[in-house]
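The block underneath contains the structure these notes are about, expressed in structure tokens.
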């Protein structure tokens, strides 16, 4: 009998143990498979590489543009990585210029095409970079935020929308062919070139990294060329990345011990120069950031922080911050920063990609829904010699759909 009792107790203990095991297992099994998490945000500078100097001459197919700013020359495209290609290319526009209709404000209604599904194109909710074929993206496109009619306070730090029409902030837009050349040409040359297809010209208004003399660029020159019908794209060439591709641009690098102070000082200098030339508030000023290595954070982090501080100060002074760079360097980094939700990015983008058809909305490093409408310039060719009206210039060629300087109506 005692043996039977022991057997019974043993069976009861075994059954109790089995029951406890089942109870412990069931909640785990009920959870089901773990859902894949979102892609981690990419840091600026990762991604596939691009050909380095010497791999292709300027103007050859696939050349991504110069290593330096508009009309300043350089050894070639920046080595190093850019962003993964956007799986949703830009929608483009009809016509040779592929530009929206200047007079039709209804283009604000086209914001449903914002690049990647779930990526609102810079309207304030920004996630990581997703790759083609990602099956975890089941979110419908986020409805865009209606354009604001009131400027935020200058002290605010926020993700500025990159989908508002700049005309809502008083900007004047130019759409068409533009050029930039290292030194502002004399008035006779500007007059002779009025018979060309070009209607806008980039002018270098200041910066310690500006490489060419500006003997003609005065208040009087600005007034007279705009009276001829020219529109101006002001460019400022200040502090550069410590990893600038061209060694000539490493003499004036970003001061990592005082990035905000240096950027604020340069933005104030840019505004003073613009005012001296008769360029009013709501005019753009394009920060020229020469090509740099994007493989390392110590190269890219100062550029982002400098550009943010520069943009904040420029907005506080009533001007529109623009940003020029090689498509595979600074432009790719700004797009990365936009997608990662960084605030205080430039309002306008001027990207250099040479050897391709001119198109402001088909740049593969930019989301099709960001920096539009009327916020882009494409520099599509450089160091080209052209003659019009008997006057010859070496220029870079641009396609413009962006704000231009607003000039005071005085002599």
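Shape class of the range 253-411 from the Cα gyration tensor (axes a ≥ b ≥ c, square roots of the eigenvalues): oblate, since a/c reaches 1.5 or more and a/b does not exceed b/c. Take 170-181, 256-267 and order them by the average number of nearby Cβ atoms within 10 Å per residue, most first; the result is 170-181, 256-267. Simple spin-label estimate for residue 409 and residue 165 gives 2.3 nm between the two label positions (7 Å along the Cα-to-Cβ direction from each Cα).
Is the range 208-329 rounded, prolate or oblate when judged by the Cα gyration tensor, a ≥ b ≥ c being the square roots of its eigenvalues, rounded requiring a/c under 1.5 and prolate requiring a/b larger than b/c?
Numbers: a/c = 2.19, a/b = 1.68, b/c = 1.30.
Here the range 208-329 falls in the prolate category.
Put in line by how crowded their Cβ is, counting other Cβ atoms within 10 Å and starting with the fewest, 224, 197 read 197, 224. Under 20 Å from a label point set 7 Å out along the Cα-to-Cβ vector of residue 388, the amide N atoms of the range 214-230 belong to 216-218, 221-230.
Read-outs: derived from the displayed coordinates by stated rules, not from any lab. All values reported here derive from a predicted model rather than from experimental measurement. Neighbour counts run over all protein chains shown; Cβ positions are idealised from the backbone, glycine included.
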